[in-house]
Each structure stands twice: as structure tokens, then as C-alpha cells.
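Asker: Structure provided below as C-alpha cells; questions to follow.
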Amino acid sequence: MPDSSKRESRSRILKALERELMGPSSTDEVITEFPTTRYVVGRLAPLKSEIPELEHDQIAAGNDDDEGGEYEPQPPLIGGFSPSSMGLSFLISQDTQTMNARASWGDYRREKDESKGGTYWKRYQRSVSVETIPVDTIGKLKPIALSKSIAPASIIITPEGFRGPGENGDGDAHVFLEGVVHHIDGAKAISLFLVNRRPKGDDSDRAKDQQWLMQPKLELFSAEKTPIFVAKDFDREISQDPEITTANMLYRDAKEFATGHGVAAGWDGVNATRDRASVLFTDFIPNSEVPSLIAQSGDIPDLNLDMWQLSRCSSPTDVFNAIEPLLSAYDQWIKDRKQDAKNAPFVSTSENRDTAKVLIEACEDAARRMREGLELIKNESKAFEAFLFANYVMWDQRIHAIWAGRNRDKGQIVGAPTDFDMPNNRTWRPFQMGFILLNIASMVNKPKTGEKIASDRKLVDLLWFPTGGGKTEAYLGLAAFTLAYRRLRGDVNGLDSSAGVTIIMRYTLRLLTVQQFQRATALICACELVRKSDPGKWGYEPFKIGLWVGKATTPNDAKASGKALEDLEEGKKPRDGSPVQLVSCPRCGTSLVTPQGKPENQTYDFDNARLRTLVRCPNPKCEFCARRSNDQGLPVVVVDDEIYRECPSLVIATVDKFARMPFKGETQALFGLRDRYSPTYGHLTPAHGEKPNQRVVKDDQPARRLVPPELIIQDELHLISGPLGTMVGLYETAVDFLTRIETETGVSVPAKIIASTATIRRAREQIRQLYNRDLAIFPASGLSSKDSFFAKEQEIKEDDDKTAGRLYVGLNAPGSSTKTLLVRVYAALLAAGEAEITRDHEAADPYATVVGYFNSLRALGGARRLVEDDIKKRLRYLAQQRGFPQRYINDPDELTSRLDSWRIPGLLKRLDNKFPREKDKQYPVDVLLATNMISVGVDIDRLGLMVVTGQPKSTSEYIQATSRVGRKHPGLVITMYNWLGTRDLSHYEHFRAYHAALYRYVEAISVTPFSSRALDRGLLGAFAAMQRLGGQNMAREVQAQNFDPALPSTDLMITNITLRAADLVGKKNAKLVNDRLMSSRDDWAHYADDLLRYSWLKSGERPPNNSRVLLKTSGTDNEGQWTTPGSLREVEPTAAFYLSDEE
């Protein structure tokens, strides 16, 4: 039975917020405060009303770093005036001669309280209808006073509500409608304003608020309420851009009929063709419910996507018959779209015809590739076995992850995984299965006739699906298939497939990386248990997962890991990173750490004999406790040095970590470049030398090179942009070179790359610059943004929480500072949330934690002080004066780069704690303040409320950040605009149209890896990485002096980089790149005439033997000939630019 309790709770909270910020609580309310103090939104000041000095205060506190961007200070308000007008701009049909309007507002009058003495403010509702406004002449409209007695004879004024003391019902001669008419593209463009021209009262006049118009509203319509307002279409001039033409087609139903001025615009009465509306209106607190895009789950006859049942299929034909109905249904859907494309609007212009053809061809291509993947499973025995393995481990990890989640919530082991072993918990969504099938041919790499390698292998497949839709499961499923297929397939051209890094998953932010590490570990646990059950089939090397991130998050070497564990045991903060990255067992949910973040007894242990950090589950019944795992514990590796020796099957990394390649020879292990194996210490590379970690190795044996990684997964692709994307694109030259497999026939097989994102624009160009490959987007979009077969727009039903979209609400408070608005908004939401907790804590829980999002650390720092002081005071005030229940809140928690990495897992766990507060239990979080660190990968399903302070700089960031709430429950996003910021004001005035097609407004991304400044910063680092990791006898620190410019491998590397540059920037620019490299080659050869090492990081000390140093870490005063970035995030500091008008 549908349940709407959460939607109702959300609605009551929003109503409470509107009453607090704009009012009124009733049309004839009585208040004791000054109206302009009580309400900060929705008011028009009398002429020339200065903004009070107390509103000049800005929110910023502290300093920024590279997270979230710089704080944007507001212009000074000295001499500023509060707005006296608001209005709408719109288009009407050319033949419209007149139109009607209705203006309404509240007047507050200061009156004496005869019974108690003193004064109060009483509200009087005003409304004025204005008929036959002439719009037939181009130019300024003659101002229309909203008064019957002075209105022109041709205009009918009908006032309502002007019957208070001393009034005669005539209207208000100081309130006007003013406007202008223009001619544009066969229509008339009109701007119409409601203007308060009342004289302002003296500062000493305690009744001066009587001159303000409160809660004003302007409605526009024709006499017959016919649809005279024409939708705007300003993209026609730039529709030569195929992306804009495509967007116009996909979002053809999302039209804009009006733009606000100082207010948001709304419309109603849209006609069947959705190109005209009959009513326009102003809206000071606009809202827009953005429907969810949900995965296709409709009834397709005979389709079976149950992971467990698929894993039990006894023959390839059984698998084929279970899945083929999905492909047949998709084929039929494509045929239906082809029929649609024969009708309007797809045939109305040649552009539309071409666009529809391209969109349908993309769908057909996806259908062909999925069918090829399914045929491979049917005809290729190893692909069939790997597919069964993938389904089994995905089923196993799904039910264990759900069970573990419940155990974490309850703080104890309850029941068994089988309690959750039901079809809805173990069934693929069609798009997930589609994406796996799409990439089967890539991973099996079975070339067709005339191909050297499978053509799909060179494609980047981009999984485009809204946040929270299940992208992670899709690529984890493909990862499981790849892990299994590699073990079954065996060696490739003499390279060993039985071990080594198979998959690299890359992220951009450490928080995202740590969270996904926790999710992926559950899969690797399931893989490892299958392997142990049949090592003859799946190999004797354990499946493991590694976390390869910066030293601020995890330790760089084994000794640092041991020291960090000692510090935590003694209650100290680790100096650098901490190996404690899992706070609970991913298999059973048992806690691995105390609430203070200290490891539980023996859960984290350092094995000094093997230089290994071990993580064991304390639950004696778990497969990964010490007893049942042969003392090995969970298959996780969280220390850099250990990753280089363990070569985990799956490595999760941050993209900027790859800047370490030229500095750290041991990173060659990630690419399979080992030469020895030790049962004690693991895989050893040439870079490890004779005594790795100063240990004498007695049990090592020569070993073949391992097959390099075969699958690279890049999550949140939209974040690989700007300076970071540019450097990633340059270093990707080295990654691509090192991951290629040379076959017996001399063919070079690259690693397969897949990517995922929820927001994308000009992805084709971005992918080309990053990876020098073509792109295929899945699911292909079809002919409408509302239906791609695999994803459909959810129909919103008022009585069903499960169908609710994310409700966006806009707030703009001209004349008030950001601080004032923030205090009012946070306090009102917290107080209203408390009232809802008392009413129904289950329904209220999603809105009981306020998540505050900020565009800079400085703005967040200022807000933190407000939460700790002003907001707590305001909550007391609301309890005393407004009848809200008293809410006591803890100091805010913070999710930013300032938070120590080792504290992040504990905070994420606390965010799962639900209201109400319970004694002897860890309290839930009241307020969480975050920067863009939260905008990717924070998957806390219970969060339902976010307040965004200032419009984020990009639409993709806005979508990603706000998608962190409302993932499971009806979401509520409050965006507080800075009324002095032009970008903020524009988004507010276009609020409804913007939110009706959010993905349409995602900005294009810039990546320029071979630009001159990028080459200055990163070319030599990429070249040094290729030489050090891929060259003979070049990997150890002191082997920089072994460089030989005459070796064929040196020429091969330079040619490789030059050819890539030629593909991306043309032959002319590629020659410049080649010239640079040849010059650098000669320089290196010259440096190598003496003793030469790669790097020396000890400032103020000379290197051993007084040797030269090749690489200098940029931004330091270390020795070195070539300045090389230590992180791919490093950019030049901001330079101030001043324009002088002096001669």
C-alpha cells in the first residue's frame, strides 16, 4: 500500500520555512515584531530605502585551499538600496493587443493594543485587478497606478481589500505597473514590473514598515485565459552545435515562458503542444520537483536477471534464453522509436531528421554490441564460466552487504545473510546487465575478421546514469567477470595471468575513493571465498583489493603503518595516514574500530616478519576472522609499499597518485613488471633491489612478468577536467604505454577503459583528449530525455513516497546578508525537523540532519561559527516566540579536506545513525557542513535535506552535490542565492526552467594535455615515468644514470608520445613536442655522464656521493634538473590582474 508520510513531513517542513521567511501565517495575522525584521524574503521597499548597516557582514572565515574553489566576496553594500520593484519578461503572440494582470500583497499597519497596552502589527490583504493593459504599441508603457480614481479610462482597475481605517476602497496611488514592449522574431517581448513608489519613512519613524509591500505577487493572463504567452527559443542561432541540437530535441518538453526580475517566474495552463502558456506569475520561493530517472524494471516476458539463478545455469543456452528477451525487447523499442521519428517534431527540419537518425543509430549500435556479448557467452566456454562466476559473487556480496548493513545499524550480529536472499535484493537492473553484455567482447578480445584486436577494446564506454541509479554495481559486475576470465584464460604471450593487478579503479577525491573501497571490498571477499573453494580452477594467488591514495590518507610504507597503529592504540593522532580504512567488516558488519576510531582488539595488526598490515574480523563465525582465514583476515592492502609487493587484483586509486610514477620505481609492480617472487614478501620488482625495505630476502625465485591491468575504470569522469584533467591526460600517455600487451603477432593490445558519470557534456572531446580514444555512451538516449528504454522518468504520485522526486526550493533575500538568511533558514529547518520527529520520527528522520553545502572553505568556516552560536540562540527564540519545540543541537560536523582522513570512516558511520536520540547510543548528526568533497560518492541513504549556500560554479557540481540527499526518501534541497551575485541572481530568476532540464545546462569540460603550459609542467614527468618503469635497468633510484639515448626503447617511447600528440593537436604541434623530447633526451644523457639519481627529497642536505638529481618536485626547493609535479592537482597560484586607466 502506498505510503506518503515522508512526503507529508517534507511538505510541512517547507511550509514552516515559508512561514518563517516570508509569511503570512494567515491573511489577517497579528505580529509583535517589525514586519521587515520578522520576514526577510518577499518584500518591496519604498523608494530609496537604504540597506541597514548590520546586513553588511559577510560570512567568510578562515582560508581556502584548492577544494571547492575560492570564496567570492560580495560587493560592498554601503549606499545600497533594498529593491522596490519586481517583474517578469516574456513573449506574447504578435496579434495580442491587451492583457490583464492581478497584483496582490500584504500591508502591515501599526496599531495600539487597547487591552494590554503597547502596539502590534496587523496585516491587511490587498489585491488589484488590472484589465485591458495595452500592449499593441512598441515602446515604454505608460505607468499604471493601482488606483481607480486616477487610472486611464481604457484600463479597468478593480481593487479588493482597501477597506481598513481611513480607506475608501480606491486602491493605492503609490503602487504602479510599469513596463516596456519590444518586437523580437515575430513576437512581442514585454517586461512588466510591480513598483512600490511609496515615500519611505524617517529612520526614527517606528511605523515606517507600513510603507513596505510584503508578500507581493503579480499574475498575468489574457481576458479569456487563452494561451497567449510564447515559449522562449534562444538556441536557434547556435544550433549548428550538434550537442545543442540534440539537447533541444531531448528536452523539447522543458520550455521557459518567462524570466523573473528580482523574483522567480512561474507559469500555468500550458497547451497540448507545450509551446504556449495562459498564465504567468511571480514566485519569491519557487520550487521544482525533479522526477527521478529510474531503471527499467517493467515486465518483459521470460526475462530472468536474478543473479543467483543465472549463476546456477547449467548450460550457455540456459543463460542465453534467460537474458535474450531483454535484447528482443530493446530491439522492438528501437523499431518503435524509428516509427516515432517519421512524425513531428523529428521531421520538421533537416537538423531534426539528422539528429533523430544519429540518436537511433547509437541505440542500434548498443543493441548489436550487447547481442555480440551474449553470443560470446553462449559460444565461448571460458566466457560462460566467467559469467557464472560474476553472477555468483555479485549475488553473494549483495546479500552479505545488506545483512552487514543491518548488523552495523544494530551494533550486533542479527540473523543470517539468507534473511535477505530474495529476488529483489539479487536481481540486475536491465541497464546493469546491458552494460556488462556491451563490454564482454572487449574483455574477451576476440577480433573479428580483418581486425587485429577487438574494435570495442579501443573504445571508452561511458556509463551515463543519474547518481544513485546503480552505476557501481554495473561496473563491479564487469570487474568480477574480468577477474574470473583472466584466471581462466591463462597466460598471454609468455606473461603470467595467475596473479597481478587486473583492474585499476580511479577516483578524484580521497573520500570517494575510501567509500568505494569499502563497497568493492565486499565483492573481493566473495571472489576470494570462491577461489579458496576451488584453487585448481581459480588459481592459488588470493584475490585482493588495494587502496592506493595519498600519504595523508594511508601510509606510504609498512613501518609507517605499524607506527600509525601504535599511535592509535595509545590514543594519539597518526602523523600521516592511517591503515584503518575499514570501520566494519564488509562481510558481516562487525565493527572493527571503537566509536573513537581506535582499532578493536587485534582487528588491525602489523606482521613485522612479512611487513604486512593485516585486518581481521573479530566475529569468530565470519570467514575472515583469524581462525577461519589462516590468520590472514580480510583480503585488503592499504599501504603503498605492501601494494607494490602484493599486486592486488583490484587497485582503487586517486588519479593524482599517478604523479608518483617517475618518483617511485616500485610502481612498476602495478603494471606487472616484476622479476622475482618471494613467498614471504610477495612480488618483487627490479626497483626493489637486493634488499627491499632493508630486508635480506632468502626465498625469492625468478618470475615472469605478470599480465598488466586489463580494465581501467574511471568513476565521476566529469571531475577529470580543467588543470587536473589536463595533467591526467598527459600522464595517461605513460599509463597507456605501460598497460599494453604485446601479442605473438606483434599486435599491441591496450587496456579496456570504462568510465561513469551522472553529468556529461562534450564527453567525446574530453575522452579524446584524456585517452586518445573514441567514445560510446550507454544507455543511448533515444529520442527523449524521459525514456532511453533502460531508464525512464518516474511518474510522481502524491500518495506514494517511492515515486517522489527531489524537491528544489530557491531562496533570495535582497537587502539581507547571507549570514542573516543562513541563520534563519538553518534554525527554521532544525526547529521544524524537531516538530516532525515528535510527530513521527520514522517519517521525519531524512530531514532531521541538515546537510549544508558550501562553495569554499572560507564560507563554510563562517557558517560553522554561526551554527555554534547564532543558530543555537535562534532555536531558543523560535521555541519561546513561535511555538516550535525546543531543539538542542551538537556542534556541527564537517566533511572537508580539513578533516583528518582517519576520521572519515567514523563520520560516515555516524551519519547513518537515525533520530530520535537514544541514551547510551551514539547521537545522530544534527548539522553536517561540507564542500565539494561530499559531491561525489557519499552514499548515505537516510539523508534527505540539504541547504546549498550560493549557486555552485558548475551545473554538474550542483547536480552531484544535491544528489547526495533524497536517494531513498523524498529529497528536499534549499538553495540560498546571493542576491548580489549575477550568476546566483540569474539562476534564481530562471529557477523553474533551469530545474526542469538540469542536465541540459551542464557545462562543457576543457582538457588540453598538449598545450604549452601543460607540456612545461608535465611532459618530462610522463617521459621519466615511461623510462623508469618501462626501461631496462632503469627502475632503482640510482639507475637514472643508466639512461641510454641510443636504445630502441628510448626512440619507441618518444615516438609513442609524439604520435599521441599528433592525433590530438596535429602534426605541426606534435613536431614541437618531439623537438622538446629529443632535447630532453640529450640533456638526460649529459646529466648521466656523472652519478645521477631520480630524486632527493631532503632539503638542505646533499645527495649521497654528491650525485646529480634528475627530478625536482615542483613547489619545493629540493635539488633537481627537471621540475616535475608531485601531484597532478598542482596548478600555478592565482595571479591578481589589475586594469589601470592611467596613461
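Asker: Within segment 599-631, work out how many residues are surrounded by fewer than 22 Cβ atoms within 10 Å (Cβ to Cβ), assigned to a loop (DSSP other than H, G, I, E, B) and over 36 Å from the mean Cα position of the chain (by Cα).
Answerer: 13
Asker: Still on this model: Exactly one condition in (1) within 36 Å of the chain's Cα centre (by Cα); (2) surrounded by fewer than 15 Cβ atoms within 10 Å (Cβ to Cβ); (3) over 30 Å from residue 661 (Cβ atoms); (4) touching a residue at least 12 places away in the same chain (Cβ under 8 Å) is false for residue 537; which is it?
Answerer: (1)
Asker: Would you mind stating whether residue 1020 is closer than 24 Å to residue 1127 by Cβ and touching a strand residue (DSSP E or B) at 6+ places or on another chain (Cβ under 8 Å)?
Answerer: Judged against the criteria, residue 1020 is a match.
Asker: Moving on to the next point. Residue 158 - would you say it is in the same structural domain as residue 105 (by TED's automatic domain parsing), more than 13 Å from residue 103 (Cβ to Cβ) and hydroxyl-bearing (Ser, Thr, Tyr)?
Answerer: Answer is no for this residue.
Asker: Going through segment 1047-1072 one residue at a time, which ones are out of contact with any Ser or Thr (no Cβ under 6 Å at 6 or more places or on another chain) and in contact (Cβ under 8 Å) with a residue 40 or more places away in the chain?
Answerer: The answer is 1053, 1056, 1061, 1063, 1064, 1065, 1069.
Asker: So, residue 61, is that one farther than 30 Å from residue 177 by Cα and either at pLDDT below 95 or surrounded by 18 or more Cβ atoms within 10 Å (Cβ to Cβ) (or both) or not?
Answerer: yes
Rundown of residues vs (1) among the aliphatic types (A, V, I, L, M); (2) closer than 27 Å to residue 625 by Cβ, yes/no style:
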position: 493; (1), (2): no, no
position: 518; (1), (2): no, yes
position: 557; (1), (2): no, no
position: 560; (1), (2): yes, yes
position: 587; (1), (2): no, yes
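Asker: Quickly run through segment 1107-1121 and pick out the residues that are part of a loop (DSSP other than H, G, I, E, B) and without any contact (Cβ under 8 Å) to a residue 24 or more places away in the chain.
Answerer: Matches in segment 1107-1121: 1115, 1116, 1117, 1118, 1119.
Asker: Still on this structure: Only one of (1) without any contact (Cβ under 8 Å) to a residue 40 or more places away in the chain; (2) within 23 Å of residue 1024 (Cα to Cα) fails for residue 725. Which number is that?
Answerer: (1)
Asker: Next question, about the same structure. I'd like to know if segment 769-778 contains one or more residues that are at pLDDT below 90, assigned to a loop (DSSP other than H, G, I, E, B) and in contact with a strand residue (DSSP E or B) (Cβ under 7 Å, 6 or more places away or on another chain).
Answerer: no
Asker: Give me the pairs, please: first residue somewhere in segment 403-429 and touching a residue at least 40 places away in the same chain (Cβ under 8 Å), second residue anywhere and of a type in the set (Asp, Glu) and exposed (fewer than 14 other Cβ atoms within 10 Å of the Cβ), beta-carbon distance under 9 Å, and either six or more positions apart or on two chains.
Answerer: Qualifying pairs under 9 Å: 403/419; 406/419.
Asker: Is it true that some residue in segment 478-488 is within 22 Å of residue 363 (Cα to Cα), in a helix (DSSP H, G or I) and either modelled with pLDDT of 95 or more or among the β-branched types (Val, Ile, Thr) (or both)?
Answerer: Looking for residues that are within 22 Å of residue 363 (Cα to Cα), in a helix (DSSP H, G or I) and either modelled with pLDDT of 95 or more or among the β-branched types (Val, Ile, Thr) (or both), one finds at least one in segment 478-488, hence yes.
Asker: Related question: Say whether the condition of being within 26 Å of the chain's Cα centre (by Cα), crowded, with 21+ Cβ neighbours inside 10 Å and either in a helix (DSSP H, G or I) or β-branched (Val, Ile, Thr) (or both) is met by at least one residue in segment 693-714.
Answerer: Checked against the condition, which is being within 26 Å of the chain's Cα centre (by Cα), crowded, with 21+ Cβ neighbours inside 10 Å and either in a helix (DSSP H, G or I) or β-branched (Val, Ile, Thr) (or both), segment 693-714 yields at least one hit.
Asker: Which count do you get for residues in segment 752-779 that are over 18 Å from the mean Cα position of the chain (by Cα), surrounded by 23 or more Cβ atoms within 10 Å (Cβ to Cβ) and aliphatic (A, V, I, L, M)?
Answerer: So the count comes out to 3.
Asker: Being out of contact with any strand residue (DSSP E or B) (no Cβ under 8 Å at 6 or more places or on another chain), assigned to a loop (DSSP other than H, G, I, E, B) and not hydrophobic (A, V, I, L, M, F, W, C) is the requirement here; does residue 587 meet it?
Answerer: yes
Asker: A further question follows. Tally time: how many residues in segment 298-355 are in a helix (DSSP H, G or I) and either farther than 30 Å from residue 245 by Cβ or within 33 Å of the chain's Cα centre (by Cα) (or both)?
Answerer: Qualifying residue count, segment 298-355: 28.
Asker: Which residue is nearest to the chain's Cα centre (by Cα), if the candidates are limited to segment 1000-1043 and must be farther than 23 Å from residue 1089 by Cβ and of a type in the set (Lys, Arg)?
Answerer: 1000
Asker: Give 131, 160 a once-over and let me know the one that is under 30 Å from residue 18 (Cα atoms), touching a residue at least 24 places away in the same chain (Cβ under 8 Å) and out of contact with any Phe, Trp or Tyr (no Cβ under 8 Å at 6 or more places or on another chain).
Answerer: Answer to the check: 160.
Asker: Go over the candidates 399, 440 one by one and state the one that is on the phi < 0 side of the Ramachandran plot, free of Cβ contacts under 8 Å to residues at least 40 places away in the same chain and crowded, with 17+ Cβ neighbours inside 10 Å.
Answerer: The unique qualifying residue is 399.
Asker: Grab the strands (runs of 3 or more DSSP E) fully contained in segment 786-879, keeping just those with 2 or more residues being surrounded by fewer than 24 Cβ atoms within 10 Å (Cβ to Cβ) and not charged (D, E, K, R).
Answerer: Ranges flagged: 806-812.
The values are calculated or read from the model by the stated rules, or taken from the named source; none is laboratory data. Quick caveat, the model's predicted, so the values are computed rather than measured. Neighbour counts are summed over all protein chains in view; Cβ atoms, including those assigned to glycine, are modelled from backbone coordinates with ideal geometry.
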